[in-house]
1. From I123, I151, I213, grab the single residue that is open to solvent by less than 50 Å² (accessible area, probe 1.4 Å), away from the ligand (no atom under 16 Å from the Cβ) and touching a Cys at 6+ places or on another chain (Cβ under 6 Å).
2. Going by the conditions given, is V38 of a type outside the set (G, A, S) and under 21 Å from R173 (Cα atoms)?
3. Would you pick out the residues in region 8-55 that are in a strand (DSSP E or B), more than 11 Å from the ligand (Cβ to nearest atom) and farther than 20 Å from I100 by Cα?
4. Of the residues that sit in region 174-209 and are without any contact (Cβ under 8 Å) to a residue 40 or more places away in the chain and closer than 24 Å to D251 by Cβ, which one is least open to solvent (accessible area, probe 1.4 Å)?
5. Quick check, is K19 basic (K, R), under 31 Å from the mean Cα position of the chain (by Cα), over 30 Å from D158 (Cα atoms) and open to solvent by 40 Å² or more (accessible area, probe 1.4 Å)?
6. Could you please give the count of residues in region 105-120 that are surrounded by fewer than 20 Cβ atoms within 10 Å (Cβ to Cβ) and not basic (K, R)?
7. Could you say whether any residue in region 460-469 is open to solvent by 40 Å² or more (accessible area, probe 1.4 Å), without any contact (Cβ under 8 Å) to a residue 60 or more places away in the chain and farther than 28 Å from L353 by Cβ?
8. What is the number of the single condition among (1) free of Cβ contacts under 8 Å to residues at least 60 places away in the same chain; (2) more than 22 Å from L191 (Cα to Cα); (3) more than 16 Å from the ligand (Cβ to nearest atom); (4) of a type in the set (D, E, K, R) that K89 does not meet?
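The values are calculated or read from the model by the stated rules, or taken from the named source; none is laboratory data. All figures in this text were calculated on a predicted structure; none of them were measured in a lab. Cβ: placed from backbone, ideal geometry, glycine included. Neighbour counts: every protein chain shown. Heads up: the accessible areas ignore ligands, DNA and RNA and are worked out on the full protein's heavy atoms, side chains in. Shrake-Rupley method; radii C 1.70, N 1.55, O 1.52, S 1.80 Å.
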Amino acid sequence: MKHYEAVIGLEVHVELSTKTKAFCGCTTEYGGKPNSHVCPVCLGLPGALPRINLEVVNKAIKTGLALNCSINRMNRFDRKNYFYPDAPKNYQITQNDFPICYEGYIDVETEESGKKRIGIERIHMEEDAGKQLHSKNGTLVDFNRSGVPLIEIVSKPDLRTPEEATQYLTKLRSILFSLGVSDVKMEEGSLRCDGNISIREKGTEVLGVKSEIKNMNSFKALEKALRYEFDRKVKALQEGETLRVETRRWDEAEEKTVVMRSKEMANDYRYFPEGDLVTLKISEEWIEGIRASIKELPHEKEERFVAEYGIPKYDAMVLTLEESLADFFDETAKISKDPKGASNWLMGDISRLMNEKDILAKDLPFSPQDLSDLLLLIKEGTISTAIAKKVVELMMSEGKNPKVLVEEHGLVQNSDEGYILDEVKKVLDAHPNVVEDYRNGKTKIMGFAVGQTMKATKGKANPAIINKLVQEELDRRIQ
Ligand SMILES: [Zn+2]
């Protein structure tokens, strides 16, 4: 039997989070009363003239730079002509010949294929269309979305598996979010994903017949739709069918792709330059100004945490999922010089408490300095780990420095050997069977004695000293 592989490219539409639309002053706010965020420009009324919103150009360039693209210095828009109720001008302003960004890449990593570079062919700017509302009584159109700025990010057909495609979209989404260019909410449509997929025999370079899949609007849908389409194509070829170039739609309810249109019905968009908008010259200073405003991206931070602090890759991945958590860790690691300790507490007890309170690291009532002080208290043996857990809860509820809390609540660890030995003796007197078991070689019973002593001292006795004294006292008693 022949072995096939998929050749996948993704087209991702991203709504940019500008205050106003791409070519007029209307708000881009999501929702609102139908047809309340409109004006003559975005309604395509005769004689209305568009003007470029420079924030759109800035955000497109910012995205391109973060995705390692080159930037086109002459920026021109084109008209894509088509006739449909959601486009009142009968064309969409987009970029055909000269996309603002080109030739970039994103690095992905999957278990199956390891590290891999996925090329980005182009990023172009365009405007969104209106929304059709279908009901029993007919179809209505809401133009609130008409003219909302979009960028379309087109990957090269470098993806080979649905996992790689999911990884690519995950990373892209995280980069867009941290750049602040979009809120990337798939459920509200500010991030939409279409894709092209063809299959070929493994080891060959020819491109197969491709289908375009629309409506893969969640990560689950993306993976399922690509998997379904791959299997469908393999089965068709094995049964001797001829594949056709077509556009298909992912049907979420039926969990399959269905034909929307075949190539014979393809549109001719008659692209030509948009004469109502000036050609922008994008200078070196303009680009460098934007480059300087780009902060360290999550995946760069993740790599730095591993290299600089020597924490495990998994820790670095979890800590960089949310920006303020990454910053909190970064600062605590620097102050305390105990990165692993900082990561353990932030990923463990502190994350649990943050989830309970539904807050982010930036809302924590204590500072990285406070957490560093806690790590130091543990390291110096002033408090045990068990007590530290209590202190963290107090830090969370009272927002005070751990040194103050330890003082106020009398939580200092007791390392007084005389006092601890007395407690050990009391425990062993009360449980003579412990000594018997120990005499018979059941050394595990020591754990019980340690636990009982810990309880008797209300968790304040130094565990290392309890351990040592329990062993010494047991050895003495069995002689
Ligand atoms: Zn408008």
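1. Values: I151 fails: touching a Cys at 6+ places or on another chain (Cβ under 6 Å); I213 fails: touching a Cys at 6+ places or on another chain (Cβ under 6 Å).
The conditions single out I123.
2. Values: of a type outside the set (G, A, S): yes; under 21 Å from R173 (Cα atoms): no.
Taking the combined requirement at face value, the residue does not satisfy it.
3. Looking only at region 8-55, we keep the residues that are in a strand (DSSP E or B), and these are 8-15, 20, 27.
Now restrict to residues that are more than 11 Å from the ligand (Cβ to nearest atom): 8-15.
Across region 8-55, the qualifying residue is only I8.
4. Looking at residues that are without any contact (Cβ under 8 Å) to a residue 40 or more places away in the chain and closer than 24 Å to D251 by Cβ, I get M186.
5. Numbers: basic (K, R): yes; under 31 Å from the mean Cα position of the chain (by Cα): yes; over 30 Å from D158 (Cα atoms): yes; open to solvent by 40 Å² or more (accessible area, probe 1.4 Å): yes.
So K19 fits the description; yes.
6. Of the residues in region 105-120, the ones surrounded by fewer than 20 Cβ atoms within 10 Å (Cβ to Cβ) are 105, 107, 109-117, 119.
Now narrow it down to the ones that are not basic (K, R): 105, 107, 109-114, 119.
The number of residues fulfilling the criteria is 9.
7. Looking for residues that are open to solvent by 40 Å² or more (accessible area, probe 1.4 Å), without any contact (Cβ under 8 Å) to a residue 60 or more places away in the chain and farther than 28 Å from L353 by Cβ, one finds at least one in region 460-469, hence yes.
8. K89 satisfies every listed condition except (3).
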